[in-house]
Amino acid sequence: NSIQTPSSAISRTSRSNQPPTASMGIYGSKQSVVFPAFAQKLQRLDGKVVAITGCTSGTGFVAAKLSAEKGASVVMLNRASVRSTAALELIRKAAPEANVV
C-alpha cells in the first residue's frame with residue numbers, strides 16, 4: 001500500500017518556495033470572494049498583539065497583513081528565510097504605521 005499524493009498538493013508544495021507577492025489572495029494566486037467582506041467587517045485591533053505562524057504565504061500571510069492594517073502589533077512566527085523577509089517587507093508596505101516583527 002502506497003500513499004498517493006494529489007497533484008494539487010504537489011503544485012502547492014512547489015509554489016511554497018517562492019516569496020509572497022503583493023497580489024497574493026488568501027489561497028496563493030486565487031482571489032477569495034468571501035474574504036473582502038469579512039475584512040471590511042473586522043473591527044479595529046488597536047492595542048492588541050497578534051502572534052501568527054506561517055506568515056509567508058496563504059492564510060497566515062493574509063491574516064498577518066489584515067491584522068497589521070487593522071492596527072494590531074503583529075508577531076510573525078516563521079523560520080528565518082528569504083520568504084519571511086519578503087512577507088515582512090510586504091506587510092510593512094501595506095501597513096507602514098503598524099508594529100510588525
Filtered residue count, the stretch 80-101, keeping only those that are hydrophobic (A, V, I, L, M, F, W, C) and part of a helix (DSSP H, G or I): 7
From A22, A80, A9, residue being of a type in the set (G, A, S), open to solvent by 80 Å² or more (accessible area, probe 1.4 Å) and modelled with pLDDT under 85: A22
Residue ID - nearest to L88 (Cα to Cα), chosen from residues in the stretch 48-76 that are open to solvent by 50 Å² or more (accessible area, probe 1.4 Å), modelled with pLDDT under 95 and not hydroxyl-bearing (S, T, Y): K65
Subset of the stretch 88-101 [closer than 20 Å to P36 by Cβ and surrounded by 17 or more Cβ atoms within 10 Å (Cβ to Cβ)]: L90, I91, A95, A98
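The values are calculated or read from the model by the stated rules, or taken from the named source; none is laboratory data. Predicted model only: the values in this text are computed from it and were never measured. Virtual Cβ from ideal backbone geometry, glycine too; neighbours counted across all protein chains shown. Please note that ligands, DNA and RNA were not included when accessible areas were found on the heavy atoms of the full protein model with its side chains. Shrake-Rupley method; radii C 1.70, N 1.55, O 1.52, S 1.80 Å.
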